[in-house]
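The values are calculated or read from the model by the stated rules, or taken from the named source; none is laboratory data. It should be emphasised that the depicted structure is a prediction, and the values quoted were computed from it without experimental measurement. Note that each Cβ is placed from the backbone with ideal geometry, even for glycine, and that neighbours are counted across all protein chains shown. Surface areas here come from the heavy atoms of the whole protein model, side chains and all, with no ligands, DNA or RNA. Shrake-Rupley method; radii C 1.70, N 1.55, O 1.52, S 1.80 Å.
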Amino acid sequence: MEAISKRKRNLLALATSAVGLVLACISQEPASLLIAVAASWMWWGRGAGLVAVAVTTLLFSMILFYPTLFSPLPQLAIGEEGLRLMIFAFSAFGLWLLLQIFRSVNFFEQVHRLSQPTAEDIPGLGWSAYPDGRMRFINPAALDFIGISAEEMRRIMDEDHHAWWKLFVHPDDLERNMARWEYSLKTGEPLVDEQRVRRHDGTYRWFRDTAVASRDERGNITGWYGTTVDIDDQKRAEAALRTSELQLRRLIDTVPALIWCADPMGKPSYVNRTLASWSGLSLGEINPHNNPASIVVDTAHPDDRVQLDDALAISFSTGQPFACKYRQRRADGAYRWIDGKAEPLRDADGSILQWYGVCLDITEEVEAHQAVEEREQELRVLVDTVPALIWLITPTGSPHYFNKRFVDWSGVSPSGKATNNLTAEPITHIELIHPEDRQRVADAFQHSFAAGEPLHVKARLRRKDGEYRWVDSRVEPLRDQSGQIIRWYGVSFIIEEEVRAQMALRESQRYLQHLIDTVPVGIFLSNPDGEPIYVNKRLMEYHGLEFDKLADAGGKPGKAVRDLVHPDDRDALAGRLAYCHKVGESFAMRYRQRRADGVYRWVEGRSEPFRDDKGVIIQWYGVNLDVDDEVRAQESLRLADERLARASRAASLSELSVSIAHELNQPLQAVVSNANAFQRWLNAAPPNFERANRSAASIIRNADAAAQVVSRIRALFTQTEPQRQAIDLNSIIEEVCELVGDKLLLSHIKLHLDLEPDLPAAIADRVQIEQVVLNLLRNAIEAMQKVDSDSNALTILSRRQENGMLKIEFRDQGTGIDDLERIFDPFFTTKNEGIGMGLSICRSIVESHGGSIWAENLALKGAAITFMLPLPSDGSEHDVGRRLVNDGQILT
């Protein structure tokens, strides 16, 4: 409700109170009396209100106690109750009307009262003026600023209405400022103006005047209240801002970047000079297209245009920032790679005001990136093909990358998951390490991670097939600029063969050292000058020396060793050593040397030089042998040699006699056997002269064989060559079998001859070969005589071998041979009546003909003795020399 005048309010209060009193008297209802009380209090104060309370109370008591004094209520159709209800409603409406009027009036008065400023409360340089523009007052802050007192200001204001403007406002701003003030006085509009005001020190500062008119209840201007705020810093900031904007525009036009602006719909509104010169287009040429960011799209490469257009359309329609890399045509027609970005500028409500975009030429960067990618690919190929296991781990020790060779070798993927495990659970490098090495490697890694130091460790790593192989791992940290470790790079080399070789070398060294220290020989090592630099434990213990005392012997360890030599041998030893060391010859000498117990013993010293590739002596290796027992035994050995020589001659004569007896025994036994047969054939009835003639012929042949044995023995002592000629081995075997045919019959032995037809002839002594065949045949018969069986059989084979040898084999079914290794040794026999020379003589005869003989046991039963003779060379006889069986050995 608008404010009304005070007179109208008073008239309204009187009329309302009078109506309330009249209604109360007529209706005898006291509710309407409250209207008079409320009106009196609201407009005339609390005193009038108390008087109204007393008057209405007196009136109500008269109505209550003297009702006859007042006219009764007229009888209306609505009745008494309806009349009272109407009066109550009128009374309530009257109260509401009074309260509403009072509330509005009170609000305007409160505002008017509170809006009256004081000189101290006006902010800045405060002032007030009369409605006609004359200055009323200026607050102390304004007086202090212009540097005058209040009396002086009063005198200036009394002289002229506008005198103070002329005195303190800058001349350049005075006319404009006065015109604006006059306009506000005429129209009543607020004053807002800026001018420079002189300060007390004579300097001018920019101020902003703001003044509003104060009006009364009728709207008439009762005064002007204004404040002058110092905006000099703001003006300076605005000037600096304008300068900055100019510099910014110059910067945008000169910065090596392509910058553009577009309205919210994407229509280009600005391009900097760099973009215009780079693309060869101006803003005037771009605007007619009316396409979003047309300067970007129109010059884009055809292969990138669709992608670029879609990206810009999405950004302009959704308001999302734009970012895209594409190729754009330059003014010279060349396409360059561009990194385009655009961001929207929004107001307080979030609406897009402008799009700002920048295009950066990244052709060199793209080309460099492509080159880097190519180098990375080459590096990856190198990393994957280099014969080493390369891996990366995080600063916390988690696997980050494994090269292809590591993946193929260990069966893990680059992400650290097992590829040969169905569960594909992640594993760590620790799980690939051998359990015996795992804790040691884990401790080494933890120490390296904690200290940030490189790591070098050797351990066994599990291969994909489950086998553990030794690897040599080296780990180095990669740090950033602040020194923080961002990655660990590791490489592992498979050194299984190297470790095995080292282990074998250590074992060999240990074994060699143990051998050197335990071998019963003193071993020493000397430098090229002959000074000992190492002696083994055996030599130290032998002489009672200690390592720490060797260097105390005159400063030369060799002196302590030479002092142990017997004085009589010392000079000779020193001279021999000096000569050998000078000329580089091997050293060998026997001399006496003191043992740990002080006894001098004969030793034999030997040393050899070790040379490099150029022949320069690097070291001398030597040994000391204790030959004292040997030297002392030489004298006894000399005397024993004479006795031994005599005994040897006697033993040799005895053995020769046995050999001669064995050689003659076979033909003589054959003579006796044939003679007995001859006698039996003659005494038969009738006599069998044919068989007797055969026996006689055998007797003659056996006698000739005995004679030949004697002739060979004679030839042995007269150095006569043996009689060797081409012989038929098959015929010799048949003749010898016929000779012992009676013995085969008596022994119930079946003879099987498996002789190869057309067997080549051999160059040999016929008598000696007959002796070998006869000896082997008799041994086979005697072996089977020990077996109680009627089905014994003797098999003789002859074959030609591919290696140019003739093979003769005797197979019996006897008890076998107990000692195959000694069967051919002299005087070794398994027969009670034997002398052990038969097989030894056979071996000597066969080997003298260039052949060989051996024995073996058969799988079922029996044994086999085989000898082989060489075939003669083409067109010549086989010359095997002259040999003699003597003392159980073959002598040339």
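Both radii were evaluated on the Cα set of the stretch 184-244; the Rg over Rh quotient, with Rh as the Kirkwood radius, amounts to 1.16. For the stretch 724-790, the fraction of 1.4 Å probe accessible surface lying on carbon and sulfur atoms is 48 percent.
Considering only Cα-Cα distances, which of the following residue pairs are longer than 27 Å: LYS267/LYS325; LYS458/LYS614; LYS750/LYS786? Please list the in-between numbers first.
Working: LYS267/LYS325 21 Å; LYS458/LYS614 38 Å; LYS750/LYS786 15 Å.
With Cα atoms farther than 27 Å apart: LYS458/LYS614.
Among ARG218, ARG606, the sequence by solvent-accessible area, most first, with a 1.4 Å probe is ARG218, ARG606. With R₀ set to 60 Å, the beta-carbon distance separating LEU14 from ALA348 gives a calculated FRET efficiency near 0.60. The C-alpha radius of gyration of the stretch 489-546, expressed as a fraction of 2.2 N^0.38 Å, stands at 1.71. In order along the stretch 743-749, the Karplus-derived 3J(HN,Hα) couplings, from 6.51 cos²θ - 1.76 cosθ + 1.60 at θ = phi - 60°, round to 5, 5, 5, 5, 8, 6, 10 Hz, and Gly and Pro are given as x.
Dipole size in debye (nearest 20) for the stretch 159-209 around its Cα centre, Lys and Arg Cβ +1, Asp and Glu Cβ -1? Spell out each step's value before the answer.
Working: 9 positive and 11 negative charges, 34 e Å.
Using only the charged Cβ atoms, the result is roughly 160 debye.
For a paramagnetic label modelled on LEU515 (point 7 Å from Cα along Cα→Cβ), amide N atoms under 18 Å away belong, within the stretch 598-619, to 608.
Would you kindly give the portion of the calculated P(r) for the stretch 757-860 that falls above 25 Å, as a percent of all Cα pairs? When every Cα pair of the stretch 757-860 is considered, 23 percent fall beyond 25 Å.
Rounded to the nearest 20, the size of the Cβ-charge dipole of the stretch 744-821 about its Cα centre is 220 debye, with Lys and Arg at +1 and Asp and Glu at -1. In this view, the solvent-accessible surface of TRP854, computed with a 1.4 Å probe and all protein chains in place, comes to about 90 Å². Averaged per residue, the stretch 555-631 has 57 square angstrom of accessible surface, using a 1.4 angstrom probe with ligands and nucleic acids left out.
Taking amide H as placed 1.01 Å from N in the peptide plane, the amide H of ALA300 sits under 5 Å from that of ARG329, each at least 5 places away or on another chain. For ILE390, nonlocal amide neighbours, meaning residues 5 or more places apart or on other chains whose placed amide H falls under 5 Å from its own, are ASN403, PHE406, SER492. The residues of the stretch 726-859 expose, per residue, 49 Å² of accessible area to a 1.4 Å probe.
Here the accessible area is traced with a 1.4 Å probe on the protein chains. For the stretch 237-278, carbon and sulfur cover 63 percent of it.
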